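Structure record follows, encoded as structure tokens.
The values are calculated or read from the model by the stated rules, or taken from the named source; none is laboratory data. Worth saying up front: this structure is predicted, and the values here are computed from it rather than measured. No Cβ is skipped: glycine too gets one built from the backbone with ideal geometry, and neighbour counts run over all protein chains shown. Only protein heavy atoms, including side chains, enter the accessible area calculation; ligands, DNA and RNA are left aside. Shrake-Rupley method; radii C 1.70, N 1.55, O 1.52, S 1.80 Å.
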Amino acid sequence: MKAKVAVLISGAGTNMAALLYAAKLPNCPYEIVLVASNNSDAEGLKIAATEGVPVFAKSHVGLERAAHDAIMHEAITQSGATYVVLAGYMRILSTEFVAKWGGRMLNIHPSLLPKYKGLHTHQRAIEAKDPVAGTSVHLVTAELDDGPVLGQIEVAILPGDTANTLADRVKMAEYQLYPKTLADYVARDTNPEYLTAQVRKYAFAQPEADEVLSHGMPCFGIIGGKKFAYVSIDHHGDGNIALLVKISGIEEQAMLIDSDAERYHRPAYFGDGWVGIRLDLGDTDWDHIGDWIAKSWRAVAPKKLTKLVDVAAEF
Ligand code: GRF
């Protein structure tokens, strides 16, 4: 299953086009399900529409920032996208919008971040007599052009370069960097090491947790006590990656499976007291998974440990 990506643009959309063409290559792990813009005249919208990609435009003029973002968010959600990719989207985003897409929104910026946030990056690099300029892809956080850098390419500055000639070459680097970085990033969603590491983080947030390998599965328990979480990886060749946690019993199990049969299942050999939750569907809500793990820990933890946690929670 490919990751579904919405691309937000304001202008030419050449980075969007690079992402779109890369998506046509065999084995690309993402597909573009929407190109959206705050500018209905954006050239990139025509490219996307002609390529058969759904497009959406809504001008921000006359709207509060949060209201415009909410409209964009709605269109993105409707498209089924689980990632937002900013490609020359010339809008500062509201904190609400950034929070909704935390860890799932990428941006490309034409400098070697953390250098030269904001505008006129090429001119500033030339004036500073930097030997190299470049481009960065980063996760979007509340601060402008901040957030963890996922990838960069350096571009040598030529003698006689102007902001325009340099910008043209940096763009060529961008067309390489963005598709590759996005592909690597979304591939984490189905990567067993990444998914296990995520579970490990939440499991070890529980008191007295330890990890062993049980029947080939990474397995988390209470030191000297019972197990509360397993990661099932390609169990009997099912091709799936799932978390197994304790639940209250067969009724809760049936209810969950009823609510979403793709995500939840009855884990073979574990019985009624456990449920399997797919981690590799591309839309895993990790806070929710963290809650499942904490609940499962509580179900097996001795009273003296749960009491400690309850007392701590009161402060
Ligand atoms: C790119 O240079 C990108 O780094 C910046 O905006 C520009 C977008 O250009 N964020 P285009 O619309 O992709 O051609």
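Observations, loosely collected:
- Counting only alpha carbon atoms, the long axis of helix 14-23 and the longest principal axis of the chain meet at about 50°.
- Low-density loop cleavage sites - trypsin sites (Lys or Arg not before Pro) in segment 1-72, where at most 10 other Cβ are within 10 Å (DSSP): 24
- Compared with the dominant Cα axis of the chain, that is its longest principal axis, helix 65-79 is turned about 70°.
- C-alpha long axis of helix 163-187 to longest principal axis of the chain, angle in °: 20 degrees
- Highest mobility in the GNM of the chain, judged by mean-square fluctuation with C-alpha springs under 10 Å and restricted to 236, 138, 265, is found for 236.
- Solvent exposure ordering (accessible area, 1.4 Å, most first) of 93, 8: 93, 8
- Check: the chain dipole with +1 on Lys, Arg Cβ and -1 on Asp, Glu Cβ, in debye: 320 debye
- Relative to the globular-protein estimate of 2.2 N^0.38 Å, the Cα radius of gyration of the chain stands at 1.18.
- Across segment 194-208, rounded Karplus estimates of 3J(HN,Hα) from the backbone phi angles (6.51 cos²θ - 1.76 cosθ + 1.60, θ = phi - 60°) give 4, 5, 5, 4, 5, 4, 4, 4, 6, 5, 6, 6, 8, x, 6 Hz, Gly and Pro being marked x.
- Between the beta carbons of residue 291 and residue 129, assuming R0 = 51 Å, the FRET efficiency works out to 0.45 to the nearest 0.05.
- Within the chain, percent of DSSP bridges classed antiparallel, to nearest 5: 65 percent
- The accessible surface of the chain, taken with every protein chain in place and a 1.4 Å probe, is 57 percent carbon and sulfur.
- Each stretch of four or more DSSP H residues adds -39500 (n - 2.57); spread over every residue of the chain, this sum gives -12000 deg cm²/dmol at 222 nm.
- Neighbour-limited loop hits for GluC sites (Glu not before Pro), segment 221-315 (at most 15 other Cβ within 10 Å; DSSP other than H, G, I, E, B): 262
- Mean accessible surface per residue for the chain, computed with a 1.4 Å probe while every protein chain stays in place, in Å²: 50 Å²
- A simple count of charges around residue 110, restricted to other residues whose Cβ falls under 12 Å of its Cβ and scoring Lys, Arg +1 and Asp, Glu -1, yields +2.
- Too-long pairs where the Cα-Cα distance tops 30 Å, listed order kept, from 180/227; 46/129; 2/100; 4/171; 2/46; 2/58: 180/227; 46/129
- Based on Cα atoms of segment 1-93, Rg over Rh with Rh as the Kirkwood radius reads 0.96.
- Rounded accessible area of residue 121 (nearest 10 Å², 1.4 Å probe): 10 Å²
- Around residue 18: net Lys/Arg minus Asp/Glu count, Cβ-Cβ under 12 Å: +2
- A crude spin-label estimate for the pair residue 187 and residue 158, with each label 7 Å from Cα along the Cβ direction, gives 3.3 nm.
- Residue-by-residue Karplus 3J(HN,Hα) for segment 294-303, coefficients 6.51, -1.76, 1.60, Hz, glycine and proline x: 5, 5, 5, 4, 4, 5, 10, 6, x, 3
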